[in-house]
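Read-outs throughout are calculated quantities, based only on the coordinates presented, and are distinct from any laboratory measurement. As the structure is a computational prediction, the values presented were derived from the model and not from experiment. All Cβ positions, glycine included, derive from the backbone under ideal geometry; neighbour counts span all protein chains shown.
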Amino acid sequence: MVDVTKVPQITLNTGDKVPCIGLGTFGSDRFDADEVSNAVEGAIRAGYRMIDCAACYGNEKEIGAVIKKVLDDKVCERKDLYIMTKVWNDMHRKVEESCKKSIADLKCDYIDLFFIHWPFPNYHAPHCDVTSRNPDSKPFSVAEFMDTYRQCEAMVKKGLIRHIGISNMTIPKMKQVIDQFEIKPVACEIELHPCMQQQELFDYLVEHDIQPVGYMPMGSPMRPERDMEPDDIADLQLPEMKKIAEAHGVHPAIIALKWAIQRGQIPIPFSIHNYEANLACTMTEPLTDEEMAVIKTLEKNNRLVKGQVFLWPGANDWHDLWDEDGVITDCPDAK
Ligand SMILES: NC(=O)c1ccc[n+]([C@@H]2O[C@H](COP(=O)([O-])OP(=O)(O)OC[C@H]3O[C@@H](n4cnc5c(N)ncnc54)[C@H](OP(=O)(O)O)[C@@H]3O)[C@@H](O)[C@H]2O)c1
């Protein structure tokens, strides 16, 4: 067990301080709800205080049971935990209902950080194949997104959630909505790992005082089959990562985490077996400037969550989801 008081903290734009690392809870279609919730219990007992959940991960009830258990056992108090969850795409018009269900399932009275998981309401069935398409899917709409966001703002006012987050955004989408927030988002959760650094988006968020939260910090070696493509690069297998890991006597996963934290994002690694080492590494020898510089060169725009299943009729391919040419594809109401 680590000394929780020594885990480095990050200050959000509200002034709240949160840990520099959280625990991911997406079982990647490989780990069932009990395996994931066991890891959450072990992680909280080991000193984690930030947990990244989502309604669509299908395990909030089981995670709620262990949250209750650790609170009953007085491992920590509710106020010490920073519980994050997300509204899934089929609930964008019923955000409060989704939030109340997560609160009930997670047994946590309120949510600390509530994310809009994807910026469009495009639903796909769990475990669906990568070629699956929903004919009701639509491109991003500013008005629809802001309607969902306003529902989140209303929940802050009601005390159901403390902070709002956005996820899977792009700079063109951010530019459309940045001036419209009444309550500013505290964080944006995006894919961030050594081969997917999203430097421009990262800088944009930092410039606007929105904390980047990095998902798939290890390059998600156990991600679902549907997110695996032959050209994907395995971050942790790169010789540069292995060399730096050897120099520190650790697994390359630890180097990916150290890099993430030193760069300034909050990584949320999933782990069944290594969560304690991942937390502990936030307090050991940092990477050198040279090592940070080497990892900077590993950027390869290696997007692993391409999001094919969210494409709408008429869209070309998954690149349309990420506004790569600076324009929001097919957006009906961009200014
Ligand atoms: N907002 C979004 O749209 C979105 C999308 C994807 C993911 N997420 C969030 O991000 C979280 C993390 O992403 P992810 O789970 O896909 O991938 P990840 O955290 O990059 O990778 C997890 C894998 O890395 C291994 N690992 C972790 N620590 C290790 C260590 N020290 N040494 C060796 N292996 C290690 C784990 O194995 P062990 O279990 O054996 O340790 C696990 O198989 C998710 O769980 C979810 O909460 C959010």
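Across the chain, C-alpha contacts under 8 Å between residues 6 or more apart give a mean separation that, scaled by the residue count, equals a relative contact order of 21 percent. Residue-wise HN-Hα couplings along the stretch 308-314, as the Karplus relation 6.51 cos²θ - 1.76 cosθ + 1.60 with θ = phi - 60° gives them from phi, are 3, 5, 9, 5, 9, x, x Hz; Gly and Pro carry x. For residue 211, nonlocal amide neighbours, meaning residues 5 or more places apart or on other chains whose placed amide H falls under 5 Å from its own, are 13, 187, 188.
Counting other beta carbons within 10 Å of each Cβ, put 259, 312 in order, fewest first.
Working: 259 28, 312 19.
Arranged by neighbour count, lowest to highest, 259, 312 become 312, 259.
Using all C-alpha to C-alpha distances in the stretch 69-214, build P(r) with 10 Å bins and read off the rounded percent in each one. P(r) over the stretch 69-214, rounded to whole percents: 11, 37, 35, 16, 2. Taking Cα centre as origin and charging only the Cβ of basic (Lys, Arg, +1) and acidic (Asp, Glu, -1) residues, the dipole magnitude of the stretch 276-335 rounds to 160 debye. Between residue 112 and 83, 162, the built amide H atoms are under 5 Å apart, and every one of these is 5 or more places off in sequence or on another chain. Look at the dipole of the chain built from charges on Cβ: of 56, 241, 314, the Cα furthest out on the positive end belongs to 56.
Between the alpha-carbon centres of the stretch 223-281 and the stretch 292-335 there is a gap of 23 Å. Of the residues 92, 156, 334, the one whose Cα sits farthest toward the positive end of the charge dipole of the chain, with +1 on the Cβ of Lys and Arg and -1 on the Cβ of Asp and Glu, is 156. About its Cα centre, the chain has a charge dipole of approximately 940 debye under the convention of +1 per Lys or Arg Cβ and -1 per Asp or Glu Cβ, with nothing else charged. A viscosity of 1.567 mPa s and a temperature of 4 °C, combined with the Kirkwood radius over Cα pairs in Stokes-Einstein, give a translational diffusion coefficient for the stretch 156-310 of 78 µm²/s.
Hey, for a label at residue 45 modelled as a point 7 Å past Cα toward Cβ, could you say which residues of the stretch 62-86 have their backbone N under 14 Å away? Residues passing the 14 Å test: 66-76. All alpha carbon pair distances within the stretch 272-335 were sorted into 10 Å bins beginning at 0; the resulting P(r) in whole percents reads 16, 26, 24, 22, 13, 0. Listed from fewest to most Cβ neighbours within 10 Å, the set 300, 157 follows the order 157, 300.
Among the GluC sites (Glu not before Pro) within the stretch 29-121, those in coil by DSSP and having at most 15 neighbouring Cβ atoms inside 10 Å are 77. Quick one: of 243/300; 17/306; 94/173, which pairs are farther than 24 Å apart, Cα to Cα? Pairs exceeding 24 Å: 17/306.
Among 48, 110, 57, which comes first, then next, by fewest other beta-carbon atoms within 10 Å? Could the numbers behind the result be given before it?
Details: 48 25, 110 16, 57 20.
Sorted ascending by nearby Cβ count, the order is 110, 57, 48.
Computed from label points 7 Å out along Cα-Cβ, the spacing between residue 208 and residue 157 is 2.2 nm. Taken over the stretch 8-322, the convex hull of the Cα atoms encloses 125 Å³ per residue.
The 3J(HN,Hα) values that the Karplus relation (6.51, -1.76, 1.60; θ = phi - 60°) gives for the stretch 39-51 are, in residue order, 5, 4, 4, x, 5, 5, 5, 7, x, 5, 10, 10, 10 Hz. Gly and Pro appear as x.
The distance linking the stretch 37-105 with the stretch 159-212 is 22 Å (Cα centroid to Cα centroid, whole angstrom). Per-residue 3J(HN,Hα) values for the stretch 264-275, derived from phi via the Karplus relation 6.51 cos²θ - 1.76 cosθ + 1.60 with θ = phi - 60°, read x, 8, 9, x, 10, x, 7, 7, 8, 10, 10, 5 Hz in sequence order (x marks Gly and Pro).
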